[in-house]
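To start, the structure under review is shown below, and the notes come after it.
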Amino acid sequence: MNRMLIDPKLYNVDQSWHYETLWELEQGKRRHKVKVEICRNAYNFQSYGRASLFSPTHMQWTCVAETPGPQLTCLGLSYVMTDASPHLKELEADTFKLIYEVGQLLDIEVCEAEMRPPAKEKERKHA
């Protein structure tokens with residue numbers, strides 16, 4: 001099963017909002033770790049979305065998919081905002097596009113329902 005490994009990180013530093021997630025995509029018995037980073041800078045041309053695969057052999061991340069800033073859906077998010085939560089759906093949509101692209105490269109079927117963030121402990125108890 002394809003899944004998010006950790007809760008997303010959302011933070012503002014150096015006049016940019018950063019949204020980072022770590023995923024595991026299954027391909028038969030193989031599991032691929034994928035890191036997705038969305039950076040929304042003050043300038044569209046300095047913003048980007050990036051997906052990287054981890055190589056356990058070389059112990060490093062390699063960028064395999066990228067979305068240029070002007071093509072991101074989170075362009076309404078500004079670094080001067082103190083709360084980015086109204087733009088979470090856009091950040092998640094940009095993330096899913098990159099995960100889907102990585103899935104295509106690896107010939108792994110990725111569906112959006114699998115790409116939801118893991119439920120918090122309280123939410124699991126009430127579900």
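Residues of the stretch 1-23 being farther than 26 Å from Gly76 by Cα and either touching a His at 6+ places or on another chain (Cβ under 7 Å) or part of a loop (DSSP other than H, G, I, E, B) (or both), which ones? Walk me through it before giving the result.
Our first condition is that a residue be farther than 26 Å from Gly76 by Cα; within the stretch 1-23, this holds for 1-3, 5.
Passing the criteria: Met1, Asn2, Leu5.
Contact map, the stretch 81-98: first residue more than 20 Å from Val34 (Cα to Cα), second residue among the small types (Gly, Ala, Ser) and not in a helix (DSSP H, G or I), Cβ cut-off under 7 Å, separation 6 or more or different chains; pairs are His87/Gly76. Among the conditions (1) within 18 Å of Met4 (Cα to Cα); (2) of a type outside the set (Gly, Ala, Ser); (3) modelled with pLDDT of 90 or more, Leu77 misses just one, which is (1).
Among the residues making up the stretch 25-61, those that are more than 15 Å from the chain's Cα centre (by Cα), assigned to a strand (DSSP E or B) and within 20 Å of Arg3 (Cα to Cα) are Glu26, Gln27, Arg30, Arg31, Ser55. Looking only at residues in the stretch 1-58 that are β-branched (Val, Ile, Thr) and surrounded by fewer than 17 Cβ atoms within 10 Å (Cβ to Cβ), the one that is nearest to Val80 (Cα to Cα) is Val13.
Among the residues of the stretch 2-51, how many are acidic (Asp, Glu), modelled with pLDDT under 95 and within 24 Å of Ile108 (Cβ to Cβ)?
Looking only at the stretch 2-51, we keep the residues that are acidic (Asp, Glu), and these are 7, 14, 20, 24, 26, 37.
Now restrict to residues that are modelled with pLDDT under 95: 7, 14, 24, 26.
Then drop every residue that is not within 24 Å of Ile108 (Cβ to Cβ), which leaves 7, 24, 26.
Selection size over the stretch 2-51: 3.
The values are calculated or read from the model by the stated rules, or taken from the named source; none is laboratory data. Fair warning: this is a prediction, and the values are worked out from it, not measured in the lab. Neighbour counts run over all protein chains shown; Cβ positions are idealised from the backbone, glycine included.
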